[in-house]
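Asks: Before I ask anything, here is the structure I am working with.
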Amino acid sequence: MGVAESSGVFFTTFQLRGAAYQWWRAYELGSPAEAASLTWTQFSDMFLREYVPLSLKDAWCAEFEQLRQGAMIVSEYAVCFSDLARYASALVTTVRERVRRFI
């Protein structure tokens with residue numbers, strides 16, 4: 001785990017306020033003291049599960065299903081693909097399926 005990976009969680013949680021702060025504190029207090037620090041991916045997944053409505057996740061999944069490269073260059077398409085694939089994990093359960101959909 002790199003410095004940016006671990007620092008991202010620290011700096012982000014430092015900015016939380018209100019209900020999001022209370023959610024994070026409850027997580028921290030419920031975790032064993034010897035537990036490993038969360039990675040950015042783990043934190044991000046937890047946060048999105050807690051605060052992003054299912055309707056928005058469904059919209060992102062539909063957008064993933066309709067995603068085409070079109071006028072985007074490959075690197076732009078790859079970024080969009082990866083961002084949206086997070087919300088369509090059931091559609092890309094294997095590396096083979098991920099590659100097939102990317103192509």
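Asks: Rounded, prolate or oblate for the range 4-103? Axes are the square roots of the Cα gyration tensor eigenvalues, ordered a ≥ b ≥ c, and the cut-off for rounded is a/c under 1.5.
Replies: prolate
Asks: With every protein chain left in place, what is the accessible area per residue of the chain in square angstrom, probe 1.4 Å? If you can, show how the numbers build up before the last one.
Replies: Values: 7430 Å² over 103 residues.
Heavy-atom SASA per residue in the chain reads 72 Å².
Asks: By how many degrees, between 0 and 90 and to the nearest 10, does the Cα long axis of helix 3-15 differ from the longest principal axis of the chain?
Replies: Tilt relative to the chain: about 70 degrees.
Asks: Can you pull out the GluC sites (Glu not before Pro) in the chain whose DSSP state is coil and whose Cβ has at most 12 other Cβ atoms within 10 Å?
Replies: Glu34
Asks: Here's another thing I want to ask about it. Pull out a ≥ b ≥ c, the square roots of the eigenvalues of the alpha-carbon gyration tensor of the range 37-77, then state rounded if a/c is under 1.5, prolate if not and a/b is larger than b/c, and oblate in the remaining case.
Replies: oblate
Asks: Tell me, which longest segment in the chain has none of the trypsin sites (Lys or Arg not before Pro) that fall in DSSP loops with at most 16 further Cβ atoms within 10 Å?
Replies: 18-67
Asks: In nm, to one decimal, how far is the modelled label at Ser82 from the one at Leu16, with both set 7 Å along Cα→Cβ?
Replies: In this crude label model, Ser82 to Leu16 measures out at 2.5 nm.
Asks: If I compute solvent accessible area with a 1.4 Å probe over the protein chains, what percent of it on the chain is carbon and sulfur?
Replies: Reported share for carbon and sulfur atoms: 60 percent.
Asks: Quote the charge dipole size of the chain about the Cα centre in Debye, to the nearest 20; the model charges only the Cβ of Lys and Arg (+1) and of Asp and Glu (-1).
Replies: Computed charge dipole of the chain: roughly 200 debye.
Asks: Another one. For helix 54-66, what angle does its Cα long axis make with the longest principal axis of the chain, in degrees from 0 to 90 and rounded to 10?
Replies: 30
Asks: OK, next. Between rounded, prolate and oblate, where does the range 55-103 land on the alpha carbon gyration tensor, with a ≥ b ≥ c its root eigenvalues, rounded for a/c under 1.5, else prolate if a/b exceeds b/c?
Replies: Oblate shape, in that a/c is at least 1.5 and b/c is the bigger or equal ratio.
The values are calculated or read from the model by the stated rules, or taken from the named source; none is laboratory data. Keep in mind that what you see is a predicted model, and the values were worked out from it rather than measured. Cβ coordinates were reconstructed from backbone atoms using ideal geometry, including for glycine residues, and neighbour counts include every protein chain displayed. Note: areas computed on protein heavy atoms with side chains; ligands, DNA, RNA excluded. Shrake-Rupley method; radii C 1.70, N 1.55, O 1.52, S 1.80 Å.
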